[in-house]
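Encoded as C-alpha cells, the structure appears first; notes follow it.
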Amino acid sequence: MNVKETLLDTLAEADGKYISGAMLAEKIGVSRNAVWKAVKSLETEGYSIDAVTSKGYRISAENNRLSEKLIKVSLKTKSFGNNIIIFDEIDSTNNYAKEIASSGACNGTVVIADTQISGKGRLGRNFVSPLGKGLYMTVIVRPDFDIQTASMITTATACAVANAIEKLCNYDVNIKWVNDLYMNGKKICGILTEASLGMEMKAIDYAVIGIGINVYSSEGSFSRELRASATSIEKETGFKVNRNKLCAEILNTLEEYLSEIETRNFINEYRNREILTGNTITANINGNTVIAFAEGIDDNTNLVVKLPDGTIRHLSSGEANLCRVVK
Ligand code: BTN
C-alpha cells in the first residue's frame, strides 16, 4: 500500500476521531509533509478531510466520497461486503452484478455507483440516479433456500433497508407493497431483484438485489411527475446521512434478515410498516387496473385484496397504489 492508501485506512479506522500529523507520520513511516501531501491528494479525489492545527486530521462527517474502506470499517457481516466494487459511473449496477454473478462472483459481493446512466426500475421503468445524490447499490446473493422462500427476498430486503435507514436517521420508514420505501407518504427508495434459475429450475443460482435510495435533495433531477411522488431522506428529515455508513448498515441488516428468512421472522415487521393495508387501493390484476380493498399481507408476503364482488385474491407481484380522493 502507498502512503495515500495507508493514510485512508488509518483515518477510516479512527472513525471520525482526529489523529495528529505526528502520529500519522510515525504510523505510516513518512514525514509530516508527506502526510500533508497525501491528505491533499485524497482531497483531490473527492474525500472531505477536516484539518485542525492542534488536533490533526479526520475524515469529515460530511464526506460524500464513496469508499470501500469507509464502508468496511462499519461492517459487522460474515460475507456481505467482503467484496465491494465501486464505480463513479455505470449503466446499471444490477446489469454489472448479473454479469459478474454469471461468471462466479461470490455471495455478498456488492456493486455501487455514484451515478447510473440507465438505472433500472421495476416494470421496465427507469430509475433516475443523479450523481452523488443517492445510494445505488446491488448485492449478489447465492441463496441455498427453495424458490418459494426466495420469492420473499425482495420483501425481506425492504424490511432490512427500512430498518437500517430508520436506525441511522431516527425517522419512521414505511413500506408500500411490494418493495417501495416511503417517508411521510412519498417514496425514498425502490428495490429491484433479478434472479437466475439453476439448471434444474428448482432453485435459484443467484439473485441480484438492486437498492436505489434518494439520500440527498435533488429537485432539478426529477420530472414534475416524479417530484410529486418522490422525495429524499434529507428533504424529509433534514439529516444528511453518510452514504458509506448507510451502505454498511444496510449490509449488516440485510445479511441478518436473509439468514433468517426461512423462519419468516421479518413478516410482522413488514406488516407493521406496510401502508396499503386497511385502505382502498388500485391494483393491477392480469393487466387490468381494478379498485380493491387491501386486507393485509399473508405469510408469503402476498397482498391480500378484496374485490368489489367480495372475491379474495392473494397478489404475489405487480403494482398497487392508494386510491387518491379527487376533490
Ligand atoms: C423501483 O423503484 O422500481 C426499483 C428501483 C431500483 C433501483 C436500483 S438502483 C441500484 C440498482 N441498479 C439498477 O439499475 N436498479 C437498482
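The values are calculated or read from the model by the stated rules, or taken from the named source; none is laboratory data. Remember, predicted model here, so these are calculated numbers, not experimental data. Neighbour counts are summed over all protein chains in view; Cβ atoms, including those assigned to glycine, are modelled from backbone coordinates with ideal geometry. Please note that ligands, DNA and RNA were not included when accessible areas were found on the heavy atoms of the full protein model with its side chains. Shrake-Rupley method; radii C 1.70, N 1.55, O 1.52, S 1.80 Å.
Ordering L70, L24, I85 by the projection of their Cα atoms onto the charge dipole of the range 1-97, which places +1 on the Cβ of Lys and Arg and -1 on the Cβ of Asp and Glu, puts L24 at the extreme positive end.
In the chain, helical runs assigned H by DSSP with n ≥ 4 each contribute -39500 (n - 2.57); averaged across all residues and rounded to the nearest 500, the mean residue ellipticity at 222 nm is -9000 deg cm²/dmol. One way to sum up the overall shape of the range 157-306 is the equivalent ellipsoid from its Cα gyration tensor, whose semi-axes run 25, 22, 16 Å, largest first. Can you flag which of K133/K167; K40/K69; K120/K186 are past 25 Å Cα-Cα? Among K133/K167; K40/K69; K120/K186, the Cα-Cα distance tops 25 Å for no pair. Normalised by 2.2 N^0.38 Å, with N the number of residues, the alpha-carbon radius of gyration of the range 1-72 equals 0.97.
Between rounded, prolate and oblate, where does the range 35-91 land on the alpha carbon gyration tensor, with a ≥ b ≥ c its root eigenvalues, rounded for a/c under 1.5, else prolate if a/b exceeds b/c? Oblate shape, in that a/c is at least 1.5 and b/c is the bigger or equal ratio.
If you take the square roots of the eigenvalues of the alpha-carbon gyration tensor of the range 50-121 and sort them as a ≥ b ≥ c, do you get rounded (a/c under 1.5), prolate (a/b over b/c) or oblate?
oblate
For the residues A150, A160, A61, a GNM of the chain with alpha-carbon springs under 10 Å puts the largest fluctuation on A61. Only Cα pairs under 8 Å and 6+ residues apart enter the sum, and on that basis the relative contact order of the chain stands at 14 percent.
With the full set of protein chains in place, find how many percent of the accessible area of the range 176-261 is carbon and sulfur; take the probe as 1.4 Å. Could you put the intermediate results ahead of the total?
Working: 1790 of 3520 Å².
It is 51 percent, rounded to a whole number.
With N counted as the residues of the range 38-197, its alpha-carbon radius of gyration over 2.2 N^0.38 Å works out to 1.15.
In plain terms, the chain from N33 to S48 could stretch by 3.5 nm, reckoned as 0.36 nm per residue minus the Cα-Cα distance. Each listed q (0.19, 0.24 Å⁻¹) maps to a log10 I(q)/I(0) for the range 165-251 from the Debye sum over equal C-alpha point scatterers, namely -0.88, -1.23. In a reduced charge model with +1 at each Lys and Arg Cβ and -1 at each Asp and Glu Cβ, the chain shows a dipole moment near 900 debye about its Cα centre.
How long are the semi-axes of the equivalent ellipsoid of the range 236-315, taking √(5λ) for every eigenvalue λ of the Cα gyration tensor, in whole Å from largest down?
After scaling each eigenvalue by five and taking roots: 32, 17, 11 Å.
Placing a pseudo-label 7 Å from each Cα along the Cα-to-Cβ vector at S60 and N321 gives an inter-label distance of 4.0 nm. Listed by chain and number, the aspartates and glutamates whose C-alpha is less than 16 Å from the C-alpha of K17, apart from same-chain residues fewer than 8 away, are D9, D50, E62. Highest GNM mean-square fluctuation among M137, M23, M152, for the chain modelled with Cα contacts below 10 Å: M23. Working from Cα positions, state the angle (0 to 90°, nearest 10) between the long axis of helix 3-14 and the longest principal axis of the chain. Compared with the principal axis, the helix lies near 60 degrees.
Averaged over all directions, how much area does the convex hull of the C-alpha atoms of the chain cover when projected, in nm²? Intermediate results must be reported in sequence, preceding the final value.
Details: hull surface 76.0 nm².
Mean projected area for the chain: 19.0 nm², to one decimal.
Leaving out same-chain residues fewer than 8 places away, which aspartates and glutamates sit with a Cα under 13 Å from that of K76? Those aspartates and glutamates meeting the cut-off are E249, E255, E256.
For the range 7-110, a simple Cβ point-charge model (Lys and Arg +1, Asp and Glu -1, everything else neutral) yields a dipole of about 440 debye relative to the Cα centre. Sorted on the mean count of surrounding Cβ atoms within 10 Å across their residues, most packed first, peptides 85-95, 104-114 read 104-114, 85-95.
Across the range 78-178, C-alpha contacts under 8 Å between residues 6 or more apart give a mean separation that, scaled by the residue count, equals a relative contact order of 23 percent.
Summary of the geometry: the range 289-327 and the range 172-193, compared by the centres of their Cα atoms, lie 17 Å apart.
Per residue, the chain exposes 48 Å² of solvent-accessible protein surface, assessed with a 1.4 angstrom probe and all protein chains in place.
Once Rg and the Kirkwood radius are both taken over the C-alpha atoms of the range 278-327, their ratio Rg/Rh works out to 0.95. Among R313, R264, R125, the largest mean-square fluctuation in a Gaussian network model of the chain, built with springs joining Cα atoms closer than 10 Å, belongs to R125.
Placing unit charges on the Cβ atoms of the charged side chains and taking the dipole of the chain about its Cα centre, the candidate lying farthest along the positive direction among T237, T155, I100 is T237. In the range 135-202, inverting the average of 1/r over every pair of distinct C-alpha atoms gives 13.3 Å as the Kirkwood radius.
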